Structures are given as structure tokens and as C-alpha cells.
1. Within region 131-156, can you find the residues that are more than 22 Å from A76 (Cα to Cα), more than 59 Å from the chain's Cα centre (by Cα), surrounded by 13 or more Cβ atoms within 10 Å (Cβ to Cβ) and without any contact (Cβ under 8 Å) to a residue 60 or more places away in the chain?
2. Going by what's in this entry, would A85 be described as under 18 Å from R158 (Cβ atoms), in contact (Cβ under 8 Å) with a residue 12 or more places away in the chain and out of contact with any Phe, Trp or Tyr (no Cβ under 7 Å at 6 or more places or on another chain)?
3. Return the residue satisfying two criteria in turn: it lies in region 73-82 and is in contact (Cβ under 8 Å) with a residue 12 or more places away in the chain and surrounded by fewer than 23 Cβ atoms within 10 Å (Cβ to Cβ), and of such residues it is farthest from L153 (Cα to Cα).
4. Going by what's in this entry, would W116 be described as surrounded by fewer than 21 Cβ atoms within 10 Å (Cβ to Cβ), modelled with pLDDT of 90 or more and aromatic (F, W, Y)?
5. Determine which member of the set E217, E227, E182, E172 is charged (D, E, K, R), over 30 Å from P370 (Cα atoms), within 23 Å of the chain's Cα centre (by Cα) and part of a helix (DSSP H, G or I).
6. Between a first residue in region 176-192 that is under 18 Å from V435 (Cβ atoms) and a second residue that is exposed (fewer than 10 other Cβ atoms within 10 Å of the Cβ) and basic (K, R), which pairs have beta carbons less than 9 Å apart while being 6 or more apart in sequence or on different chains?
Amino acid sequence: MGAVIPRDRRLPLALHALGMAVVGYGVVVGRSVELHGAWVAWATALAIAAWAMVEVLPRPDDRPGRRPALTAVRRAATLVGVAVASFSVVPTNGTHLAPQAVLIIVAIADEGAPVWLGATAAAIATVLTPLGAVATHASPSVSYLAAVAVWMLIGITRRQSGVAIARTRELEARQLEARAQEARAGALAARQAAASDIHDVLAHSLGGLVIQLDAAEALLEAGRVGEARVTVSQARVLAAEGLADSRRAVAALRAPDEPVLGDHIGRAGPVGDGGAGCGEPVRDGQAGLRSEPLGARGEAVRPSRRSEPVNPGRRGEPGGDDEPRGPFPASPATDLRDAAERLLRTHRELGGRVAARLDLARAPAPIPAPLAGAFARALQEALSNARRHAPGTPVEASLVATDELLTLTVSNPLAPAAVGGGGPAPAAVGGHGLVGMAERFALLPGGAATAGEHDGRFVVRARARVAAG
């Protein structure tokens, strides 16, 4: 029995079995058979048998996929049991009210049963209860008919309660699934954000390192050891800045509620007394196209006392000047301007040429850090792509604020291979920076970012709303 009957049904079935025994005992003790004949005993047996079949046979919602014949047998047993019990309620002095009540309540309350089954059972009880009294020459009692109404109300209440419980469970299941989907979407968004930040940091720092090391190699091959040493020193500073940016990106991922723009974004390396000029590319027979950073008077940039770190620690090491100074809160327009100027200065020191326009006078202060960080990353990505895919070409950059919008436009001529159809445009060369940039701006109010070819130039455009509302 334990292998067939579910554990949660064992106690109810035991109580029903006890009720059946009490009904049989009541009929015997009440001498109903002696007073009205053997048919009362047969009626009692049929009522108890119908009661047992209804409780033992599986409900349609308990065993999905069962044969329809069992469902038909269960419904027939319900109606037969109600008819027999109702007709013999008065002759048994109300003893058969128990099977009548159980069968009517179950027929109405079962959500898997059709409504007509409960209505038919109640109608049969209403008609046959007084007929049984007339057949045995007893006066029909109104209380027995009132009992039928009570069974109907109990059945309706239980059915509505069952439907409400089922709907609640379905709603809870949907909510759990929605929360699971939201968690998966949040995890995916976090992974995409982490991938974008890591790409921005590594593409900028490693790309700059490649250019600087290539330039150092070309200088060494040309016998210009002193200038090569300066270039290697600048490469080391760039590596330290990349490490600081990486730490800052990890800190932002660990504490997403504390936006970080970073005071090292695009920070230039050591500059000479004459300032950072626009380095012209030099070509070497073995090293290919190289970028040699030059000072304002054309000489190689060398470290000066002003570029030495105040902290005596080594750059890029704990306690050194390149150790990240930590996040700062929402930045005013001057901080975004400072980050942009540092990125432009770094681009020039890496051999790039850029004409920039920074017009942030109308930008509201403070500019939210996520907004400022997104524009700084977009400018960083555009300049890195220009150095990587079109080295030596002049870049035009514009960062302009109006009363409502902040817009960034960066463009550069396409490399000769891309113009002639011999090579892909920057957006097609295996990187994810432009995709991450578009995703980052899509999360900003009124934000959008695009990149593509236009009139022989590769153009990166980004915009976002800065005004409230």
C-alpha cells in the first residue's frame, strides 16, 4: 500500500475508512434494517463502496495521463453513491448523511472534475432525500435538505480555495523563473561590463606598449641608444598606468555603487621641458612603421626633474607615484576635461597627431561619474583604434556640451589598405571595444554610440543626455 498510495494521502484515507466503519456500525445499531427491510443494508453497502471508490481511485489532476475509463468510473460511483445515500438518509435516521456529504463535497471541490458533476450530485440529493422519506412513510425533514445546501457551500468554498492556491503556486513559480532570468541577465550584463572595462584597459595600455617598444627597437637598430632608453622609460610608465587602470577597474567591479572615473585615465608619461609635441612616424627597414615621440623643438623627449615622482618609491610599485589614488565621486566638467586632455597628450606622445576641440563650458556640474567615465572610455577607444589601424594619420576629436547633450566625435582617415579595399575597417578587426562602447552608452539616459566609415574616414560618435529629465 505504501508503494501505491502517496504518503500525504495515507492519513486522509485512514480517516475515511474509519468513517465508513462508523456508518456501517450506526446502521446496525440503529436497527434500520429491522424497521425498513434488507434494502437498507444493500443501500449502506453501495454507499460505502461508492465512497471507497471515490477516495481510492486517482483524481484526474493527481495522475495525469491516466486512462479515461477510471475517471468515468469514479464519476459514476460519485453519482450512484449520492443517489443511494440520499434515498436512505431518512430510513437510517441521518446516518447516511456522512457518505452523502463526502460525495457531494468531493464532487464540487475537485478542481479536476467538471462543474456539472457537483451540480448533478447536489440536484440528485435534493430530489431523492424527500422521496426516500415518502417511500418509507416518514415525514420529510427540512433539516436534511438544509444539510445538502451546507455540503454545496463547503464544496464551493474548497474548490475556490484550491483554485486560489493553484494560482498562487503558479504565480510563485513564475516569479521564481522571472527572478532567475533577471539574475542570469544581471550576471550577463556584469560579464559584459567587465569584458568592456578589461578590453578598454588592456587595449589602451598594451597597444601603446607595442608602439613604444617598436619605436625603441627602431631607435636601437639606428644606434640611438639614449633616445631608445627614453622610449623604454615611457613604455614602463605606460605599463604602470595600465596596471593602475586594471586595479581601478577591478575595484569598480567589486564596488559597483561607487563609480570610478579614475585620475590616471590617459595620464601621460614623462614629458620634456618643451612639452609633448606631435611625433612624426619614422620608418626603419626591419621594424616597419615606428613612432618616435619628439619634443617641441624636434629633439627626443627626455625625462626632466619635473617629471620625477614625488614619492621616492618606484613607478608602478606599491608606494610609487603610479599607485592608484582611489576612486573619486561624481566629477565636474573640469575632471572630464582633464581626463580628455590626458588621453590626447598620451596619444601625441605615442606618435599620434590629433586636433582636438574641448567645449564643456555649458556642461552642468557635476557631470555624473558614469557619464564622464563612458565618454573618457569612448575617447580612449577611438584614439587606440586610430593608432592601431591608421598609424600616423591625423585625428580630429571634438567633445562638446550643450544645455542638454554631451557629444563626442572622433574621426581619422582610413588607412590606405582599408581605402583601397585591401583590409578591413577598424570595427571589423577582431576587437570588442566598439561593441562594449555601444553597450555602455545604451545604458545612459539618451545615450547612443556608433562607429563606421563616412566619406573616406572612420568616425566614432557618442552622445548622452546630461540635463535632468
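The values are calculated or read from the model by the stated rules, or taken from the named source; none is laboratory data. Here the structure is a predicted model, which means the values were calculated and not measured. We place every Cβ from the backbone using ideal geometry, glycine too, and count neighbours over all the protein chains shown.
1. A133, A135, A138, P140, S141, Y144
2. Numbers: under 18 Å from R158 (Cβ atoms): no; in contact (Cβ under 8 Å) with a residue 12 or more places away in the chain: yes; out of contact with any Phe, Trp or Tyr (no Cβ under 7 Å at 6 or more places or on another chain): yes.
Criteria not met by A85.
3. First pass over region 73-82, keeping only residues in contact (Cβ under 8 Å) with a residue 12 or more places away in the chain: 73-75, 77-82.
Narrowing the set further to residues that are surrounded by fewer than 23 Cβ atoms within 10 Å (Cβ to Cβ) leaves 73, 75, 77, 79-80.
Numbers: V73: 25, R75: 20, A77: 22, L79: 18, V80: 21 Å.
Among them, the one singled out is V73.
4. Values: surrounded by fewer than 21 Cβ atoms within 10 Å (Cβ to Cβ): yes; modelled with pLDDT of 90 or more: yes; aromatic (F, W, Y): yes.
The answer is yes for W116.
5. On the way: E217 fails: within 23 Å of the chain's Cα centre (by Cα); E227 fails: within 23 Å of the chain's Cα centre (by Cα); E182 fails: over 30 Å from P370 (Cα atoms).
It is E172.
6. Sorted first by the residue in region 176-192, then by its partner, the list stays empty.
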